[in-house]
1. Could you tell me the distance between the Cα centroids of the range 62-76 and the range 130-153, to the nearest Å?
2. If a paramagnetic tag sat 7 Å from the Cα of Ala28 along the Cα-Cβ line, which residues of the range 129-149 would have the backbone N under 17 Å from that point?
3. Mean residue ellipticity at 222 nm from the helices of the chain, using -39,500 (n - 2.57) per DSSP H segment of n ≥ 4 over the full residue count, to the nearest 500 deg cm²/dmol?
4. Please list, by residue number, everything in the range 128-153 whose backbone N is under 18 Å from a paramagnetic label point 7 Å out along Cα→Cβ of Trp94.
5. Where a ≥ b ≥ c are the square roots of the eigenvalues of the C-alpha gyration tensor, would you call the range 46-117 rounded, which needs a/c under 1.5, or, failing that, prolate if a/b is larger than b/c, or oblate?
6. Taking a threshold of 27 Å on the Cα-Cα distance, which of the pairs Lys82/Lys132; Lys126/Lys153; Lys4/Lys54; Lys54/Lys132; Lys54/Lys78 fall above it?
7. Wrap a convex hull around the Cα atoms of the chain, take a quarter of its surface area, and give that in square nanometres.
8. Given contacts defined as C-alpha pairs under 8 Å and at least six residues apart, what's the relative contact order of the chain, whole-number percent?
Amino acid sequence: MYKKEEASQVRQAFWKAYGMYMALQLSAEGLKINWINYKTGVKYLNFKMDADKKHAYIHIHLSHPDIEIQQMMMEQFKAVEKLLQLHIQEEWEWKLHETDEHGNIYSFIGISIDNVNIFNQDDWPKLIQFFKPRMIALDAFWSEAQYAFDLFK
């Protein structure tokens with residue numbers, strides 16, 4: 001069992017390794033980007049990745065504090081769902097108005113995998129193989145769809 005500080009160091013090591021692995025991958029527009037802290041340019045709309053000792057996920061995360069605007073953002077994603085599907089090539093879960101451990105309401109479109117552990121270095125290749133193609137697909141999708149979200153800037 002890791003202490004809090006040790007767990008933080010392991011997490012940082014994984015994300016550093018992932019960032020180095022992805023560093024040579026250019027965006028869909030041919031630019032060098034930060035794959036870990038992907039900037040969509042729309043406040044409250046993020047591409048979020050995380051992993052713990054049981055599972056990992058990647059989400060389009062909507063966290064606007066006004067839940068009506070959050071719902072409008074989700075509806076805008078529904079309007080471009082075919083384009084998203086073209087890029088991700090798999091079924092993702094759509095959840096409107098979930099509540100996190102701090103009581104904040106958010107919505108997401110995402111996918112997760114079970115039976116992976118960020119604290120087990122043997123699982124790191126599985127995690128990278130999970131995150132990499134999906135982030136590349138989200139980037140390709142976003143390079144085409146971002147203009148449909150200009151009204152939320």
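None of the figures in this text is laboratory data; all of them are computed from the coordinates on show. Note that the structure is predicted; figures quoted are calculated from it, not measured. Cβ atoms come from the backbone with ideal geometry, glycine included; neighbour counts cover every protein chain shown.
1. First find each Cα centre; the distance between them is then 17 Å.
2. Residues passing the 17 Å test: 132-149.
3. About -13500 deg cm²/dmol.
4. Label zone hits: 138, 141-142, 145-146, 148-149.
5. oblate
6. In this structure, Lys126/Lys153; Lys54/Lys78 lie more than 27 Å apart at Cα.
7. Its average projected convex-hull area is 9.5 nm².
8. 28
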